Amino acid sequence: MKKLCAISLLLVCLLCGCAGSAPVERDIFAMDTLMLIRVWGCEDDASAAVSEINRLDALLSVTNENSEIFALNRDGEAELSADTYDLLVKAIAVSRRTDGAFDPTVYPLVVAWGFTKDEQHVPTQEALDAARSLVGYERLESDLDVTYFSIDGKLDFGGIAKGYAAQKAIDLLQSRGVETAFLSLGGNVQTLGSKPDGEKWIVGIADPNTPSQAIACLRFTGSLALVTSGGYQRYFDENGVRYHHILDPKTGYPADSGLASVTVLAHDGALADGLSTALFVMGMEKATALWRESDDFEAVFLTEDGGIFATEGAAPLLTDCDFTVVER
Ligand code: ADP
Ligand code: MG
């Protein structure tokens, strides 16, 4: 069955645009990942989507010394552009909904673990405590001003920026009259409209043990954002223990919730991205409780012991695997 649904998330994505009238395609490297942009439109439409993603990368990158976020983290204050402000508001909303499982102030912890510079290591307890004392989205709730913002801490939009960029690129394409597009921004997939040939979009969910292979597929028509967060995406091993890049702000350690990955389906790219990170931190029980009280996302959970669980709205889309339906 697995082989039916192609061998990797990216491969599945490549396959799904092949049928029908020929789209314009771009491969780019931005936001520290490979991206595929496929637009059923003209060359200029594809170029506009690429420019939009690059523009947001330049604004939001935590490591680019010329970015707005870099300046904010360095100086503790900055004039925020409309996009950075918009994303900050969205990020805080996800933090509140998830009781801080998603937290854009997590950056001191990300630095302590060395994830920004590929110098990964287990931090000393002292370094962890110092970093944790600077983390907490609550500190962002006051003083939110469109033009000027100051912060006693440091921001990292790594858990939401790709989804925001995908959404903004889709919005731009739509405003240009494009009716169909497919974006794959390093694990963040977002579609606009349905394929001209009437076939369904097919997006693979990576097998956490063999990420180049799909363990299941999602098949659907129309516009949707699908974002996966998983511990297998970036990690290092030290003294025989694996440490990944999605941190639990409450412990300061990589989230250890029993989940291997979470795929969130939503109509907004930033929401899907922020929530995928948050639900991964929260674990099945808290994540499904949040889903039950929400009406703006669906999810597929892969557990560390090999289980696959799909919320009621995701279940009809899920194929090529055995799974359990999470009921409301
Ligand atoms: P990826 O970006 O690898 O696709 P995610 O969307 O889950 O996966 O984002 C992970 C990134 O988000 C980390 O590399 C880090 O920069 C940041 N991050 C880590 N833990 C958290 C957290 N609890 N809340 C918000 N951002 C986080
Ligand atoms: Mg995310």
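Using the heavy atoms of the protein chains alone and a 1.4 angstrom probe, what is the accessible area of the chain per residue in square angstrom?
Value returned for the chain: 43 Å² of accessible area per residue.
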Residue among G186, G269, G114 with the largest mean-square fluctuation in a Gaussian network model of the chain, springs linking Cα atoms under 10 Å: G114
Length added when fully stretched, N64-E312, from 0.36 nm per residue minus Cα-Cα: 85.2 nm
Convex hull per residue volume in Å³, alpha carbons only, for the chain: 126
Choice from Y235, Y107, Y253 showing the highest fluctuation, given a GNM over the chain with Cα pairs closer than 10 Å: Y235
Förster radius 56 Å - calculated FRET efficiency between C42 and E285, Cβ distance, rounded to 0.05: 0.70
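Which length gain, in nm to one decimal place, applies between D305 and Y148 when the Cα-Cα distance is subtracted from 0.36 nm times their residue separation?
This chain segment gains 51.8 nm when fully extended.
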Cα pair distances in the range 95-138, grouped into 10 Å bins until the bin that holds the longest one, percent each: 31, 46, 22, 1
Pairs of lysine residues in the chain - Cα separation under 18 Å, sequence separation of 8 or more or cross-chain: 8
Heavy atoms of V241: accessible area, 1.4 Å probe, square angstrom to 10: 70
The chain - charge dipole about Cα centre, Lys and Arg +1 at Cβ, Asp and Glu -1, debye rounded to 20: 740
Carbon/sulfur fraction of accessible area - the chain, other protein chains in place, 1.4 Å, %: 49
Inter-probe distance in nm under a simple model that places probes 7 Å from Cα toward Cβ, at D118 and D86: 3.3
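The values are calculated or read from the model by the stated rules, or taken from the named source; none is laboratory data. Remember, it's a predicted structure, so these values are computed and weren't measured experimentally. Reconstructed Cβ throughout: ideal geometry from the backbone, glycine too, with neighbour counts over all protein chains shown. Just the protein is used for accessible areas: all its heavy atoms, side chains included, with ligands, DNA and RNA removed. Shrake-Rupley method; radii C 1.70, N 1.55, O 1.52, S 1.80 Å.
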